[in-house]
Each structure stands twice: as C-alpha cells, then as structure tokens.
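Here the structure is laid out as structure tokens; the discussion comes afterwards.
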Amino acid sequence: MVEAKNESDRLHNQIENLLRVESIAEQQCRARRNYDRVKAAHDDWELNINAARMERNNLKKNLEMADQELAVFEVLPVSSFFFFKFLFV
C-alpha cells in the first residue's frame, strides 16, 4: 500500500513537472511570436526612416542648388536679369 502511494506521488510529481515544462514551452512560443512581430514592425520603421532620410537629403541638395542659382542671379546686373527673363518667355 505504501509503495502504491509512493508510486502515485511520483507519477503526480512527474505530471506536474511535465505540465510546468509545457507551460514554459508555450510561454517561449508566445515570446518568440511577439518578438518576431515587434522585430517586423521595427524593420518597417527602419525602412521608413531610411526613406525619409534619403528624401531629406535630396531636398537638402535641391535647396542648395536653388540657393546657388539664386546667388548667381543676385550677382548679375539688372540688365542681365531682363535678358534671362526674355529667354524663358
């Protein structure tokens, strides 16, 4: 009778341990899915940030070129400005 009780307790402990291991495995799976989801969102943000940086750099270059063109017109005498104005009409 004592042996049967000990065997029952041993089986009960094994079942509890297996349930704990299964629970931990489920937690790991959930954590992995959450990590993958967050990483994908992070990667999307990285792509968006890089695209925005490239656009900013292009706009900055365009602004610098426009500033240089404006500087050329500011240096030219007024008569030259009228000459260029008639070229584009």
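Where a number appears in this text, it was derived from the coordinates with a stated rule and is not lab data. Here the structure is a predicted model, which means the values were calculated and not measured. As a convention, Cβ positions derive from the backbone with ideal geometry for all residues, glycine included, and neighbour counts pool all protein chains shown.
A few notes on this one:
- Local charge for Asp36 was computed over the other residues whose Cβ lies under 15 Å away, with Lys and Arg +1 and Asp and Glu -1, and equals +3.
- In order along region 29-39, the Karplus-derived 3J(HN,Hα) couplings, from 6.51 cos²θ - 1.76 cosθ + 1.60 at θ = phi - 60°, round to 4, 5, 5, 5, 5, 4, 4, 4, 5, 5, 5 Hz, and Gly and Pro are given as x.
- Remark: region 2-13, residue by residue, has Karplus-estimated 3J(HN,Hα) of 5, 5, 5, 5, 4, 5, 4, 4, 5, 5, 4, 5 Hz, where x stands for each Gly or Pro and the curve is 6.51 cos²θ - 1.76 cosθ + 1.60 at θ = phi - 60°.
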